[in-house]
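Let me begin by presenting the structure, written as structure tokens, before commenting on it.
Bear in mind that the values in this text are calculations on the coordinates, not laboratory data. All of these numbers come straight from a predicted model, not from anything done at the bench. Every residue, glycine as well, gets a Cβ built from its backbone with ideal geometry; the counts of neighbours run over all protein chains shown.
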2 protein chains.
Amino acid sequence: MLTIKSTHYDYKVSFINNINESISNLIIKGRTSFLIDKNVWALYSNELYLQDYLDDVYFVTAVEDHKTIYDVIDILKIWQVKDIQKKSRIIIFGGGITQDIGAFACKIYYRGIDWYFFPTTLLAMSDSCIGAKCGVNFNNFKNQLGVFHAPKEVYIYIPFIETLKIEDIYSGLGEIFKLHISKDAEHYNYCKKSFEELGNLKAYIKQLVYQSLKIKKEIIELDEYDTGIRRILNYGHTFGHALEKYTNNEISHGIAVLWGMDISNYISYQLHYLSEKDYLDIKNVIKTTFNLKCPYVTDIDKLLQVIKRDKKSESDFINMVLLTKIGNLKLEAIALDKNLKKILKDYFDESLGFFSN
Amino acid sequence: MLTIKSTHYDYKVSFINNINESISNLIIKGRTSFLIDKNVWALYSNELYLQDYLDDVYFVTAVEDHKTIYDVIDILKIWQVKDIQKKSRIIIFGGGITQDIGAFACKIYYRGIDWYFFPTTLLAMSDSCIGAKCGVNFNNFKNQLGVFHAPKEVYIYIPFIETLKIEDIYSGLGEIFKLHISKDAEHYNYCKKSFEELGNLKAYIKQLVYQSLKIKKEIIELDEYDTGIRRILNYGHTFGHALEKYTNNEISHGIAVLWGMDISNYISYQLHYLSEKDYLDIKNVIKTTFNLKCPYVTDIDKLLQVIKRDKKSESDFINMVLLTKIGNLKLEAIALDKNLKKILKDYFDESLGFFSN
């Protein structure tokens, strides 16, 4: 178990074995409502004892196109009709998208109602479930609207992983890898070892999730509102987000982040912050673990335009997180100039040969 | 000047004489946008030196029907088109409605951007400008959606009062009176004295505003998120809100609160918490100062239904704030039963004769 210190209230993350017991302990009759990812329900409707509460379940279509402010409003309309009160509690089952729209809706309903989270994806379990951040899309701008709203409690039920598709496992491992690299060589090596034995992931997964949350906890407790140190968690995200956008969300978030980390490392290496050895070592882990279909970006200006529109950009610089060695990240403003374009062109030329395409 | 301690950041409330100086100190070229109540602009467009920034002004229709989540979204759309960044600042001129939709929009845009407030109504100057609460209407449910978002700074420019309509002066005085009653006999008497010399309000107004904010500051600093002591500020609001709803917002907020205080005091008196002397003394101030057109509520069941739908109600009880003596308020759960209906019927029968109708 972990306890996350938040400016609003501290909250626990528990690793649970009996999911129905945890659910039934949370239900207060007449004051509980559920948000459940439709796909999760399709897989687990028999396993979850919620037959008596079906009237109180709202099923979420958890796709990026439905992670908008208007989807939040649809949920709020239902809550209004169902007369959900300020003291009600919302129990959420799903991954990051369900969390995003659910937590956002909870935040603005009566100035904040309590939500309890059962993350069902590896990404949500190991990363997004803590930290209180949520964002929704607004007229095609990703996460332009958002709030901070911490869950009251998080319950991690590892067996959910068994029904995930391989892309979703990879997506989670992407953020897990990012967090372990950011910590130190010991964590990096543990992660690397687990990736080498991917067929035996079960033996490692709980520890990987636990360690990821512990690493993230140390950072968000210092900077819950993302105004300083927490920004290092954006490692891999500047180009990662751009790639998601550039490819119309065809690649998953964690994979985009892996690719973004690799570009970021290449830039850091070209700027003489990161050793070639570290750059290649990490690239090699990414290459051998994940079957990345790295897109060859031909239009670098377009890619940079996408980044400029991203919320982290400002004027003709982008704030990037660069790795200087395993366990060391720094923030740097990088000029969107010829030099960067040259580095990026070289990267795509080299990586096209490097990644299996 | 006052400094308000908030869980997010402390912020200052300054009483200013030179409004254009204050504005120009706030403007950062290319990173400043304005929200201005249309009525304020009609009255002050010549006085405010904003001619160079008209492209960055969004004019707000500050009426209750336009204080909805959809009006917030309209503002966000403009900000998106105008490429307002996370580090932009929004400067708001207006009363409570403009504040509500503006602060709400600021809170959810990029997880919170800074806003600076020039309250233009007496109600906003003396009460709503501090405390970080904002609420918007949602399909006719008043303030059902909301967030807490403190301003970065508040600038009180007393001369704005000169162009207010008498109803708006009264509305502000309603909340001022509430705050002074809640403090102690000394403040109550000062307020009473100023009301007796209403023609000479100018001599008192700055002190009344200052004292109101100071009284409110003491309470919100103890309980910014409204989970305990801050609820006493709802004194007069249970029936006040209901009356606003019952009369379709035909009476102003502060006046509704005065009326709500009077009912609350009558209930408190009938329950033997408040002396008849205090009940009548306050009623008399209300009667002689404000030309209240007290509606005779014939359908008490309907009024109670409206209250039950109000967010502060739960089951068959309503949480009311009752005055026990000047300077002393307490929270009490009041049963929505025959006894209450009898008290209310007596109240309307008596008050019909009391207030000029």
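Please list the non-local residues whose amide H lies under 5 Å from the amide H of B:THR68, H modeled 1.01 Å from N, same-chain partners needing a gap of 5 or more.
Excluding prolines and chain starts, which carry no amide H, the hits are B:ASN137.
For B:VAL57, what residues show an amide H to amide H distance below 5 Å, using hydrogens built from the backbone and excluding near sequence neighbours?
Answer set, sorted by chain and number: B:PHE34.
Using the Cβ atoms and a cut-off under 12 Å, what net charge is assigned to the surroundings of B:ASP299, where Lys and Arg are +1 and Asp and Glu are -1?
+2
Looking only at B:LYS342, B:LYS287, B:LYS38, which one moves most when chain B is put into a Gaussian network model with springs between Cα atoms under 10 Å?
B:LYS342
Going by alpha carbons, how many degrees (0 to 90, nearest 10) lie between the helix axis of B:276-289 and the longest principal axis of chain B?
That works out to roughly 50 degrees.
Quote the convex hull volume per residue of the protein assembly as shown, based on C-alpha atoms, as a whole number of Å³.
Each residue corresponds to 152 Å³ of Cα convex hull volume.
Please state the shape class of segment B:208-263: rounded when a/c is under 1.5, otherwise prolate if a/b exceeds b/c and oblate if not, all from the C-alpha gyration tensor.
Prolate is the answer for segment B:208-263, as a/c is 1.5 or above and a/b outweighs b/c.
Among the GluC sites (Glu not before Pro) within segment B:1-109, which fall in a DSSP loop and have no more than 12 other Cβ atoms within 10 Å of their own Cβ?
Answer in residue order: B:GLU47.
Excluding same-chain residues fewer than 8 positions from B:LYS107, which aspartates and glutamates have a Cα within less than 14 Å of its Cα?
none
To test your reading of the geometry: what angle, between 0 and 90 degrees and rounded to tens, separates the Cα axis of helix A:237-246 from the longest principal axis of chain A?
Approximately 80 degrees, to the nearest ten.
For the Cα atoms of chain A, what angle does the longest principal axis make with the long axis of helix A:253-270, in degrees from 0 to 90, nearest 10?
It is inclined by approximately 30 degrees.
Scan segment A:21-65 for chymotrypsin sites (Phe, Trp or Tyr not before Pro) in coil per DSSP, keeping those whose Cβ has at most 16 other Cβ atoms within 10 Å, and list them by number.
A:TYR49
Based solely on its DSSP helices, what 222 nm [θ] is calculated for the protein assembly as shown when runs of n ≥ 4 H residues each add -39,500 (n - 2.57) and the sum is averaged over all residues, nearest 500 deg cm²/dmol?
-14000 deg cm²/dmol
Amide H neighbours of A:ARG111 under 5 Å, at least 5 residues apart or on other chains, H built in the peptide plane: list them.
HN-HN under 5 Å from A:ARG111: B:GLY146.
How many angstrom lie between the Cα centre of segment A:266-296 and the Cα centre of segment B:134-182?
If we compute the Cα centre of each part, the gap is 56 Å.
About the Cα centre of segment B:2-163, how large is the charge dipole given +1 on each Lys and Arg Cβ and -1 on each Asp and Glu Cβ? Please answer in debye to the nearest 20.
660
Kindly provide the GluC sites (Glu not before Pro) of segment B:147-255 that DSSP labels as loop, not H, G, I, E or B, and whose Cβ sees at most 14 other Cβ atoms within 10 Å.
Passing both the DSSP loop test and the Cβ count: B:GLU197, B:GLU250.
Once phi is turned into ³J(HN,Hα) by the Karplus curve 6.51 cos²θ - 1.76 cosθ + 1.60 with θ = phi - 60°, what whole-Hz value does each residue of segment A:39-49 show in order, with x for glycine and proline?
Whole-Hz 3J(HN,Hα) from phi for segment A:39-49: 5, 5, 4, 4, 8, 10, 4, 7, 6, 8, 7.
Distance between Cα centroids, segment B:222-256 to segment A:1-49: provide it in whole Å.
Taking the Cα centre of each part, segment B:222-256 and segment A:1-49 sit 35 Å apart.
Could you give me the ³J(HN,Hα) list for segment B:122-131, computed from phi with Karplus coefficients 6.51, -1.76, 1.60 and θ = phi - 60°, whole Hz, x at Gly and Pro?
My calculation for segment B:122-131 gives 5, 4, 5, 5, 9, 9, 5, 5, 10, x Hz in order.
Under a GNM of chain B (C-alpha, springs under 10 Å), which listed residue has the highest mean-square fluctuation: B:ILE23, B:ILE263, B:ILE307?
Greatest mean-square fluctuation among the candidates belongs to B:ILE23.
Decide, for segment A:13-99, between rounded, prolate and oblate: order the square roots of the alpha carbon gyration tensor eigenvalues as a ≥ b ≥ c, take rounded if a/c falls under 1.5, and otherwise choose prolate if a/b is larger than b/c, else oblate.
oblate
Relative to the Cα centre, what is the charge dipole magnitude of chain B, using +1 at the beta carbon of each Lys and Arg, -1 at the beta carbon of each Asp and Glu, and rounding to the nearest 20 debye?
600
What are the ³J(HN,Hα) couplings of segment B:193-204, residue after residue, when phi is run through the Karplus curve with 6.51, -1.76, 1.60 and θ = phi - 60°? Round to Hz, x for glycine and proline.
4, 5, 5, 5, 10, 4, x, 10, 4, 3, 5, 10
Rounded, prolate or oblate: which fits segment A:2-163, taking a ≥ b ≥ c as square roots of the Cα gyration tensor eigenvalues, rounded meaning a/c under 1.5, else prolate when a/b beats b/c?
Verdict is rounded for segment A:2-163.
Counting Lys and Arg as +1 and Asp and Glu as -1, each charge on the Cβ, what is the dipole of segment A:187-277 about the Cα centre in debye, to the nearest 20?
It comes to approximately 280 debye.
Dipole of chain B (Lys/Arg Cβ +1, Asp/Glu Cβ -1, origin at the Cα centre): which of B:TYR49, B:PHE138, B:THR7 lies farthest to the positive side?
B:THR7
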